[in-house]
Amino acid sequence: MRNLLLWLVLSFVFTGFGCAQDLRPLRWENRVLLLFTDSLMHPQYQKMEEALLKEEEAVEARKLVVYTIMGKKVSRGLPAESWQDDLPLREASQNLRKGFGLELIGLDGGVKYRSTSAVSLQELWSLIDGMPMRRAELKNQGCP
């Protein structure tokens, strides 16, 4: 009984219950790009933000949701404006030795790519477009 109670408490704590930015609802619906930064003025963060804002249609076409994680705060979408505390994403953050990092999470919820510097959108689109589910999406849309 004690183990069951412990399991229930831990599952409640780690499910992100009550957290506004839990990624589980996005699974199988959206890909996620997590941008970790120690400052919105960090050059690598600004490079990624600027590029993604210029390519809104491509971001939407790839079902990509962008989160900015800065310290203990999380913002969904770009530009990063509406900040919330969010334990699940904060725990997912990587070591920011260089002050910036990113993670691409696929539809299945698995981390598909990590970097400690900005990447070109061409490289990011190649990664996404090479994923089996994305290729299936494109095939269903009549694209080669």
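For T37, state whether it is more than 19 Å from S117 (Cα to Cα) and either at pLDDT below 85 or surrounded by 13 or more Cβ atoms within 10 Å (Cβ to Cβ) (or both).
On the way: more than 19 Å from S117 (Cα to Cα): no; either at pLDDT below 85 or surrounded by 13 or more Cβ atoms within 10 Å (Cβ to Cβ) (or both): yes.
When the stated conditions are applied, T37 does not pass them.
Of the residues V32, V66, the single one that is buried (at least 18 other Cβ atoms within 10 Å of the Cβ), touching a helix residue (DSSP H, G or I) at 6+ places or on another chain (Cβ under 7 Å) and free of Cβ contacts under 8 Å to residues at least 40 places away in the same chain is V66.
Figure legend. Inter-residue proximity from region 128-144: first residues at pLDDT below 75, second residues aliphatic (A, V, I, L, M) and surrounded by 10 or more Cβ atoms within 10 Å (Cβ to Cβ), beta-carbon distance below 8 Å, spacing 6+ or different chains. Indicated pairs: M133/L107; R134/I128; P144/L138.
Among the residues of region 74-99, those identified as of a type outside the set (D, E, K, R), closer than 19 Å to V59 by Cβ and at pLDDT 85 or above are V74, S75, G77, L78, P79, A80, S82. Within region 101-140, can you find the residues that are polar (S, T, N, Q), surrounded by fewer than 16 Cβ atoms within 10 Å (Cβ to Cβ) and touching a Leu at 6+ places or on another chain (Cβ under 9 Å)? Passing the criteria: T116, S117.
The values are calculated or read from the model by the stated rules, or taken from the named source; none is laboratory data. In this text the structure is predicted, and so the values were computed from the model without any measurement. Ideal geometry is used to build each Cβ from the backbone, glycine not excepted, and the neighbour counts take in all protein chains shown.
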